[in-house]
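Below is one structure, written out as structure tokens; comments come after it.
The values are calculated or read from the model by the stated rules, or taken from the named source; none is laboratory data. Being a predicted model, the structure only gives us computed values, none of them experimental. Cβ coordinates were reconstructed from backbone atoms using ideal geometry, including for glycine residues, and neighbour counts include every protein chain displayed.
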Amino acid sequence: MYEPIQLEKMSNAIDIALKEFNPEQELSLSEIKATDKIEPPVIALKIGDGIVSTLGNILTFIGKAKSRKSFLITIAIAIAISKEYVFGLFTSHLPNDKRIVLLFDTEQSKYHVQKALLRVCDMIGIKEPTNLKVYGLRKYPPSERLQIIEYAIYNTPNIGLVFIDGIKDLITSINDEEQATMIVSKLMKYTEELNISIVTVLHQNKSDTNARGHIGTELQNKSETVISVTKSEQDKDISVVEAVACRNIDFEPFGFEINEDGIPIVAENFELRTATKKDKFDPTDLEDFKKYQLLTEVFSKQNECSYKTLQEQLQLAFKNQFKKDIGINAVGKLITDCKNKGWLIQEAKLKPYTQGAFIRTEMKAVFNDF
């Protein structure tokens, strides 16, 4: 039943609730026995093998300002409402009777909220999704935003996922412990009573990577999964998504970037493009077919080349394929590795290099046995 609680009247509401509360009855209802048959939670969203959201729990996205948190939300929404849409290892597992998704935006104007909606439409190729409802709550005070969200949650059939972009805007202070506890308690109540997953979005502190305020602390403690979105320092075009805290198996980090049409896409080779000097990138760690692709690009322009030309052309090919520079020393290691694999042929010292046939290392070992 829908019973809104306004923030300014929260203390009185709590007093009334305590008078009506029957601890003996609730204790009996709350008991969990070893003989009870309790089904595991239904999966809502996965990234690779990592379960990031299940029905009955909270998922929280955190990130600095302008880290593209809202773009990550559009990715998750597109995955949730369309079985055909594919984004890397991100997958939806919502059951057919839980396919309705709600998005509440508390910060942006109607124009920008609709822009986000149209972005989702473009991503999935549908002009007007029937299983997505989007609401802009910017004009309302915190207590009314909360009432609207609560009403929608309890009065929308078949909902599975609820996104709240701007959870801090449901309270008057992010550092008010009482309000933080109240909001997170209500989210846990909604998720359990309606068997839905709620996804919240919160800024990180400017000075560290923690979610802001008491509301951030409460959400990090109570969420099933906390995911951070960070702009790469090495490549500002890429936003890196990684697990901060998971009750399930952690997923492998991935990156996304925004294409010329304003649509988020998977960032190719993001590990290489975001590697730091501390990572000590070794080109010999590349997969064999990627090394051979570099050679193929070089020799597509000439049949043979000198060592110096080979170095220069490999640097250009590497930057073209991986959007990252590679030093002369690293190129030298790559050339030696390719020579050892038989992909680069030099008939004698100071002779030019030509491209050899692509034979995987393991296959070469087999041939050598004959």
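Would you check if there is a residue in the stretch 87-100 being buried (at least 23 other Cβ atoms within 10 Å of the Cβ), hydrophobic (A, V, I, L, M, F, W, C) and in contact with a Lys or Arg (Cβ under 8 Å, 6 or more places away or on another chain)?
Looking for residues that are buried (at least 23 other Cβ atoms within 10 Å of the Cβ), hydrophobic (A, V, I, L, M, F, W, C) and in contact with a Lys or Arg (Cβ under 8 Å, 6 or more places away or on another chain), one finds at least one in the stretch 87-100, hence yes.
So, E252, is that one within 17 Å of the chain's Cα centre (by Cα), surrounded by fewer than 17 Cβ atoms within 10 Å (Cβ to Cβ) and either assigned by TED's automatic domain parsing to the domain that holds P142 or farther than 15 Å from L59 by Cα (or both) or not?
Answer is yes for this residue.
Do you know which residues across the stretch 200-235 are β-branched (V, I, T) and closer than 21 Å to D105 by Cβ?
T200, V201, I215, V226, I227, V229
Being in contact with a Phe, Trp or Tyr (Cβ under 8 Å, 6 or more places away or on another chain) and either aliphatic (A, V, I, L, M) or modelled with pLDDT of 95 or more (or both) is the requirement here; does I149 meet it?
When the stated conditions are applied, I149 passes them.
Specify which of the listed residues (S82, S67) is touching a helix residue (DSSP H, G or I) at 6+ places or on another chain (Cβ under 6 Å) and at pLDDT below 95.
Step by step, each of S82, S67 is checked, and only S82 is touching a helix residue (DSSP H, G or I) at 6+ places or on another chain (Cβ under 6 Å) and at pLDDT below 95.
Looking at T361 and the list (1) of a type in the set (S, T, Y); (2) under 40 Å from the mean Cα position of the chain (by Cα); (3) modelled with pLDDT of 90 or more; (4) more than 28 Å from I238 (Cα to Cα), which single condition is not satisfied?
(3)
Could you check, for the stretch 109-123, whether at least one of its residues is of a type outside the set (S, T, Y), surrounded by fewer than 19 Cβ atoms within 10 Å (Cβ to Cβ), outside any helix (DSSP H, G or I) and out of contact with any Ser or Thr (no Cβ under 6 Å at 6 or more places or on another chain)?
No, that holds for no residue.
Where in the stretch 26-108 are the strands (runs of 3 or more DSSP E), entirely inside, with at least 1 residues that are among the charged types (D, E, K, R) and under 21 Å from the mean Cα position of the chain (by Cα)?
43-47, 100-105
Determine which single condition Q302 fails, assuming it passes every other condition in (1) in the same structural domain as G356 (by TED's automatic domain parsing); (2) part of a helix (DSSP H, G or I).
Evaluating Q302 over (1) in the same structural domain as G356 (by TED's automatic domain parsing); (2) part of a helix (DSSP H, G or I) leaves (2) as the failure.
Are any residues in the stretch 192-242 surrounded by 15 or more Cβ atoms within 10 Å (Cβ to Cβ), more than 14 Å from A180 (Cβ to Cβ) and hydroxyl-bearing (S, T, Y), and if so, which ones?
S197, T225, S228, T230, S232, S239
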